[in-house]
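Down below is the structure, laid out as structure tokens.
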Amino acid sequence: MTQMNMVKAINDALRVAMRQDSRVVVLGEDVGKVGGVFRVTEGLINEFGAERVFDTPLSEGGIIGTAVGMALYGLVPVPEIQFADFIFPAFDQIVSEVAKFRYRSGGEYTSKMVIRTPVGGGIRGGHYHSQSPEAYFIHTPGLKIVCPSNPYDAKGLFLASLRDPDPVLFFEPKRIYRAARSDVPEGEDYTVPLSVAKVVRPGNHVTVIAWGAMLYEAIEASNKAAEQGIDCEVIDLRTLWPVDIDTIVNSVKKTGRVVVVHEAPKSCGFGAELVSLINEKAFDYLEAPPTRVTGWDTPFPYTLENDYLPLAGRILPAIARVAKY
Amino acid sequence: MSGPEFVLGDVVKVLEPDSTVHPDNDPGLSPERCVALYEHMVMTRVLDERLVTLQRQGRIGFHIGSMGEEATVIGTAAALDETDWLFPCYREFGALLLRGMPLQSYMDNMYGNGNDPVKGRQMPDHYSAKPYRFGSVSSPIGTQITQAVGFAWAAKLRGEKLAAIVYFGEGATSSNEFHCGANFAGVYKTPTVLICRNNGWAISVPAEKQSASETFAQKAFAYGLVPMRVDGNDLLAVYKATRDALALARAGKPVLLECLTHRLSGHSTSDDPTRYRGQEEMAAERAQDPLPRMRAYLEKKGLWSEQKQQAFIAKVDAEVKLAVEAAEKAPAPVLDTMFDDVFEQRPWHLREQYEESLHAPRAQGHGGH
Ligand SMILES: Cc1ncc(C[n+]2csc(CCOP(=O)(O)OP(=O)(O)O)c2C)c(N)n1
Ligand SMILES: [Mg+2]
């Protein structure tokens, strides 16, 4: 096996998919010659040619709208949105079209695609290169939402997303694009199943739920909590929607205490849904109010971004509070 | 004006290769004004170079410059009346400074420090400058185009005699906002000049892949706007074309002005253009640099010299150095500022979150510092 970062792992996943299935095409801004601004599509145009890898005009609505048409025809498009912050010009196509095609056509049509987009903060990107817009899309019936936390999962989840019959938004946490490395079988085909979370740190006192880049903050805080005698169970959701509710509920039944961590603002963030689900499904087991540690309800700031993000320093006191409650 | 042939053929030019002025198009600027505008281009260039260095040294986080596009940015801004408004894209810091923003404020924005007019909230080069009738930079491509049209429309509704210009790249002509902005400007005959900086590239995507139109200006026909094309490396031509465009716009004929120029750098400090561009091609573009072109004209008229050039650059260098020193000494924005301006008044939930943030451990290291 080869040690790779997430950029390389997703690149390898794209190669595996494109070698196997000539219907798979890649389109987006700067995805061709330059290989994407984060280099995730590097070299694809050389291997698969300009008939399968397209540097498109600067229009996210155009990218997703034409991808819908390609999907209706029978191709499997993998559009890239250069930053999740720039997905909004395509919001109409995603929310009104991609998400609803199967339903509104009585199952006649589907707009199967995997929309890839880098997400999250921590790269000094300010308002428009840092946001985590998952909640808008989770709120939209008909979309599956994935967010990997390490290279191995990224590749396996991508291939699973591509083979899943439904459209998937694949959020790539750019803060850990190159920071996290793991063993990835290069050139090989494997999948990591959708809607299956992973317990990355077993424990008995507090359940800590996270995904993407913040998983590492949750783990760091949990390790520090262990020094205070608090034994955390950390869950990496991997697929945000449809979420693996069983893994969450089983953990909360054991611990009775839960902290949810995410970068997006608190109000109506995905944490709100998770806490509601836990209340609905595990209320009798709760020993403390489920707690959220999130980005503040402000636009994503530039200079103070590390005070905005729910880093380990903010997660630890929340864990301690919940444990003592 | 009729038919695309006209647009294709007609590019406004003033400065001839021998540094003489095309008599039909001479905008008649005074010698002092010519020197001042040239100096402003040089100042913008020097600043650009220093900012790239500061970014490479890790002292600022990012810079997106206008190297090669100075004549386009400064020529257009110089043609405005005091009461006119500018809606920027993100390469127009030369226009910002020309409008009167102090160098120090711009530098504070580059550092995102506590003195930054936008309170360290946005990335470098994302300034706002209402006192100078200058909009607010947003990263999402094209959003300013419709806004400028709406601003000019509102002024027209109120009978105020102002015009608004809006900058965007040729890449942005693919955005929804370009279509909507051009369409609304045409329908409501707003006093707007849509300025397309055609520098040939949208990051790594060449203009030929952006649009199958032979020119960007000809898109004007579809919306009932007036198309104009200008040599964007010719300061005097850009000035002249913008004056003409503004006169048309004020008379109810909004203009799409395509400025033909080159991006003599990467897209931004995050970009490596050697990955997608040939050395020869870049060298050929450097030969069309607007600065030496204007300088040759001034020298021919006896208005400029190598000595003046050296002295001016030394003066700018000194000013930039002071501004950098002050920006680096300034404190980071206080935590409080993160929660301000979300709403005019802080509602209960933000008051609560601010309280909570005060008890959180402060993060180490701040962006831009
Ligand atoms: C909606 C949106 N999509 C993508 C981007 C990323 N992006 C920033 S600049 C740019 C290219 C812009 O090219 P152009 O309009 O020609 O302007 P130039 O940079 O050449 O001045 C892209 C794709 C963005 N900022 N906003
Ligand atoms: Mg451009």
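Since every read-out is calculated from the coordinates, none of them should be taken as a lab result. Since the structure is predicted, the reported quantities are computational estimates derived from the model, not experimental observations. Reconstructed Cβ throughout: ideal geometry from the backbone, glycine too, with neighbour counts over all protein chains shown.
Remarks
- Once the Cα atoms are used to define both axes, helix A:60-73 deviates from the longest principal axis of chain A by about 70 degrees.
- At least 20 Å along the helix axis (C-alpha) and Kyte average at least -0.5, DSSP helices within chain B: B:31-56, B:143-157, B:235-250, B:306-329
- Per-residue mean of foreign Cβ neighbours for A:116-129 is 4 (Cβ atoms of other chains, 10 Å radius).
- Overall form of region A:210-325 per C-alpha gyration tensor (a/c, 1.5; a/b vs b/c): oblate
- Estimated from helical segments only, the mean residue ellipticity of chain B at 222 nm is -14000 deg cm²/dmol, where each DSSP H run of four or more residues counts as -39500 (n - 2.57).
- Converting the Cα gyration tensor eigenvalues of region B:222-369 into ellipsoid dimensions via √(5λ) gives semi-axes, longest first, of 43, 27, 19 Å.
- A protection proxy built from the mean count of other Cβ atoms within 10 Å ranks the segments B:230-238, B:311-319, B:169-177, most packed first, as B:230-238, B:169-177, B:311-319.
- Simple rule: put +1 on each Lys or Arg Cβ and -1 on each Asp or Glu Cβ in region B:12-333, find the dipole, and look at B:A327, B:G100, B:L157; the Cα lying farthest toward the positive end is B:L157.
- Highest-first packing order for the peptide set A:312-322, A:23-33 is A:23-33, A:312-322, based on the mean count of other beta carbon atoms within 10 Å.
- Within a Gaussian network of chain B (alpha carbon springs, distance under 10 Å), most fluctuating of B:A95, B:A202, B:A284: B:A284
- For the protein assembly as shown, the dipole from Cβ point charges (+1 on Lys and Arg, -1 on Asp and Glu) about the Cα centre works out to 620 debye, to the nearest 20.
- Choice from A:P167, A:P299, A:P265 with maximal GNM fluctuation in chain A (Cα, 10 Å cutoff): A:P299
- Among B:L103, B:L225, B:L246, the residue with the largest mean-square fluctuation in a Gaussian network model of chain B, with springs joining Cα atoms closer than 10 Å, is B:L103.
- Net length available on complete extension from B:Q279 to B:E299 is 4.2 nm, with 0.36 nm assigned per residue and the Cα-Cα distance removed.
- Expected-Rg normalisation [2.2 N^0.38 Å, Cα atoms] applied to chain A: 0.98
- Straight-line cross-link reach from B:K240 at under 25 Å between alpha-carbon atoms covers these lysines, not counting any fewer than eight positions away in the same chain: B:K13, B:K156, B:K161, B:K189, B:K219, B:K253, B:K300, B:K301.
- Mean per-residue shielding of peptide A:52-62 is 6, counting Cβ atoms of other chains within 10 Å of each Cβ.
- The rule of thumb for compact globular proteins, 2.2 N^0.38 Å, goes into the C-alpha radius of gyration of chain B 1.02 times.
- Shielding of peptide B:171-177 by partners, expressed as the average count of other chain Cβ atoms within 10 Å per residue Cβ, is 5.
- Calculation over all alpha carbon pairs of the protein assembly as shown in 10 angstrom steps from 0 returns a P(r) of 3, 14, 23, 24, 19, 11, 5, 1, 0 percent.
- The number of Lys pairs in region A:2-184 with C-alpha atoms less than 20 Å apart, excluding pairs fewer than 8 positions apart on the same chain, is 10.
- Values of log10 I(q)/I(0) for region A:133-222 across q = 0.12, 0.16, 0.25 Å⁻¹ run -0.41, -0.73, -1.38, by the Debye formula with one identical scatterer at each alpha carbon and no solvent.
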